[in-house]
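Please treat every number below as a calculation from the coordinates, not as lab data. Quantities reported herein were computed from a predicted structural model and do not represent experimental measurements. Cβ sites come from the backbone with ideal geometry, for glycine too, and all protein chains shown count toward neighbours.
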Amino acid sequence: MTGLDIGTSKICAAIAGVSPDGKIEIRGIGLAEAKGINKGFVSSLDKLIDSVSTAVKAAEDEAGVKAHNVVTNISGSSVAGKLNEGLVHLSRRGREITRRDINGAIETTKNISLTLERDFLYCVPQEFVVDDNAGVEDALGLFGTKLKVRLYVITALATHIQNISKAVSYAGYELTDIVPTLVASASCILRDEHKENGTLVIDMGGGITELAIYKNGMLRFFDSVNVGGMDLTASLSAHFKISFESAEMIKRKCAGISKEDLSKEKKSIFDVDNRHVTVNSIIINNLLKERFEEIFYILNDRLKSSEFFSDSMPAFMVTGGSSLLSGAHESFEDLLNIPIKRWRIEEIDADPSYLSNPVYSAAISLAKYGLDKEKKPGRTYSRGKSFLLDSVSRMRAFLDDYF
Ligand SMILES: Nc1ncnc2c1ncn2[C@@H]1O[C@H](COP(=O)(O)OP(=O)(O)OP(=O)(O)O)[C@@H](O)[C@H]1O
Ligand SMILES: [Mg+2]
């Protein structure tokens, strides 16, 4: 199983298998420059196919096996989460709720969620409402006159899904699933108690930052914003009037937004773009901190739209390459006023440097997601069927996991 993370700044493939003792092991990781992709959307099919092939081939070389089945991600502004409700009337005097009624309510909700332009990606039933009683976890067998289901559904533009699918298939791999990036990462890095008690998960990548909130064991909120580490790099590039690549190199080498980074002055000279650039750490770090805070306030506005977000949440976790910026963790912690929980992918055999690296976490999580789903019965859409033609049965198979 190959997890393929199509990111704005890199494409990462992770080939995973199951060892004789049943443990998932990462056998190879490959990276390629992200070409043909812009903030999650395909901007050139040929270039994206090339990048995907390069990343997967590098992973194949390390693993010593050929990749076949691929689970990939989808991100960007077309991916959206929404709470939808579907209602079925049972009988005026009330009767016992059957599995058919539950499926009917879900079917109704599904029809509300899927429009002509949007296709299904992921959903989680949040609760049932029987008559006027909300908060019903399991409606089967209860008496009622009407049944409502609240379903949190993530969809994306159908054309967006089709373009990503086409790139992976044309690169020569069989696409078995497409998952919103943070849904895969969260299912790998969060333990049950984090999902139960309430955790905010942030993936701050290059061009996109994704947000997810888990509470009472399930996903409650998902959103993404087209901001990320590239905006920080762009502000350095504009400040020094140097290329984006040179600014990226300077950012990775000597920038940071921790309290120490902001107060300790250090001057460095870089030979970039055919000239000497003098970098005063106090100036650039304060510039980055300002930009980081602007990004945070955009994210905070989105978070505030969720009833599940509050500063009394027990923890948040942050992943994505931008979390490697010195001081990013503590800055998020100060701004959110929520304690950070460090993560490390557990229960997977791999080179230890892979398991805590936020740049690899999505690809590893996607591979694990694919292997976990393969074990479950009812996921009939996966092998030998066209992923594209199968949105409705994908949704049905998905719900089979719950009911
Ligand atoms: N050591 C580092 N210090 C600071 N920033 C870093 C470091 N390493 C990577 N980054 C930043 O991380 C970002 C890339 O992160 P990541 O690999 O998670 O993004 P992506 O998955 O390609 O993009 P996206 O998820 O936004 O589509 C870049 O903006 C890069 O500058
Ligand atoms: Mg990413």
**Request:** Would you please give the FRET efficiency between ASP132 and ASP271, computed as 1/(1 + (r/R0)^6) with r the Cβ-Cβ distance and R0 = 60 Å, to the nearest 0.05?
**Result:** 0.25
**Message:** Taking amide H atoms as placed 1.01 Å from N in the peptide plane, list the residues 5 or more away in sequence, or in a different chain, whose amide H sits under 5 Å from that of ILE257.
**Reply:** SER326, GLY327, ALA328
**Formal net charge of residues neighbouring ILE161 (Cβ-Cβ distance under 10 Å; K, R +1; D, E -1)** = +1
**Asked** Among the chymotrypsin sites (Phe, Trp or Tyr not before Pro) within the stretch 303-374, which fall in a DSSP loop and have no more than 16 other Cβ atoms within 10 Å of their own Cβ?
**Response** PHE308
**Complete:** Here the percent of antiparallel bridges among DSSP beta bridges lying wholly in the chain, to the nearest 5, is 75
**Request:** Just tell me which aspartates and glutamates come within less than 20 Å, Cα to Cα, of LYS253; anything on the same chain fewer than 8 places away is out.
**Result:** GLU33, ASP231, GLU245, ASP261, GLU265, ASP271, ASP273, GLU290, GLU330
**Request:** Report the local net charge at GLU33: Lys and Arg +1, Asp and Glu -1, summed over other residues whose C-beta lies under 13 Å from its C-beta.
**Result:** 0
**Asked** Over the Cα atoms of the stretch 191-342, what is the Rg over Rh ratio if Rh follows Kirkwood?
**Response** 1.04
**Message:** I need the per residue convex hull volume for the chain, using only the alpha carbons, in cubic angstrom as a whole number.
**Reply:** 144
**Asked** Using Cα pairs under 8 angstrom and six or more residues apart, how large is the relative contact order of the chain, in percent?
**Response** 18
**Item:** Amide proton proximity set for VAL359, modelled H, under 5 Å, gap of 5+
**Value:** none
**Asked** Counting other C-beta atoms within 10 Å, which of ARG118, ARG291 has the fewest, and how do the rest follow?
**Response** ARG291, ARG118
**Asked** Among the lysines, which fall within straight-line cross-link reach of LYS341, defined as a Cα-Cα distance under 22 Å, with same-chain neighbours fewer than 8 residues apart omitted?
**Response** LYS195, LYS215, LYS259, LYS289, LYS304, LYS368
**Asked** Hey, fewest Cβ within 10 Å first, where do CYS12, CYS254 land in order?
**Response** CYS254, CYS12
**Prompt:** Between the DSSP loop rule and a limit of at most 13 other Cβ atoms within 10 Å, which trypsin sites (Lys or Arg not before Pro) in the stretch 1-94 are left?
**Reply:** LYS23, LYS66, ARG92, ARG93
**Fill in**
Amide H neighbours of SER9 at under 5 Å, excluding residues fewer than 5 places away on the same chain, with H built from the backbone geometry, are GLY206, GLY207
**Message:** Just to confirm a number: summing +1 for Lys and Arg and -1 for Asp and Glu over residues other than ASP192 whose beta-carbon lies under 13 angstrom from that of ASP192, what do you get?
**Reply:** -1
**Prompt:** Arranged by the count of other C-beta atoms within 10 angstrom, fewest first, what order do THR115, THR209 take?
**Reply:** THR115, THR209
**Prompt:** Helix 99-113 versus the longest principal axis of the chain: what angle, 0 to 90°, nearest 10, using Cα atoms?
**Reply:** 40
**Request:** Within the stretch 127-175, list the GluC sites (Glu not before Pro) lying in a DSSP loop whose Cβ has at most 14 other Cβ atoms in a 10 Å radius.
**Result:** GLU137
**Request:** Grab every C-alpha pair in the stretch 178-253, bin the distances at 10 angstrom width from 0 up to the longest one, and report whole percents.
**Result:** 19, 37, 22, 18, 5
**Prompt:** If you count the DSSP beta bridges with both ends in the stretch 191-342, what percent of them are antiparallel, to the nearest 5?
**Reply:** 75
**Prompt:** For the stretch 59-138 and the stretch 318-345, what is the separation of their C-alpha centers, rounded to whole Å?
**Reply:** 31
**Complete:** Semi-axes in Å, largest first, for the stretch 28-149 (Cα gyration tensor, √(5λ)) are 45, 17, 10
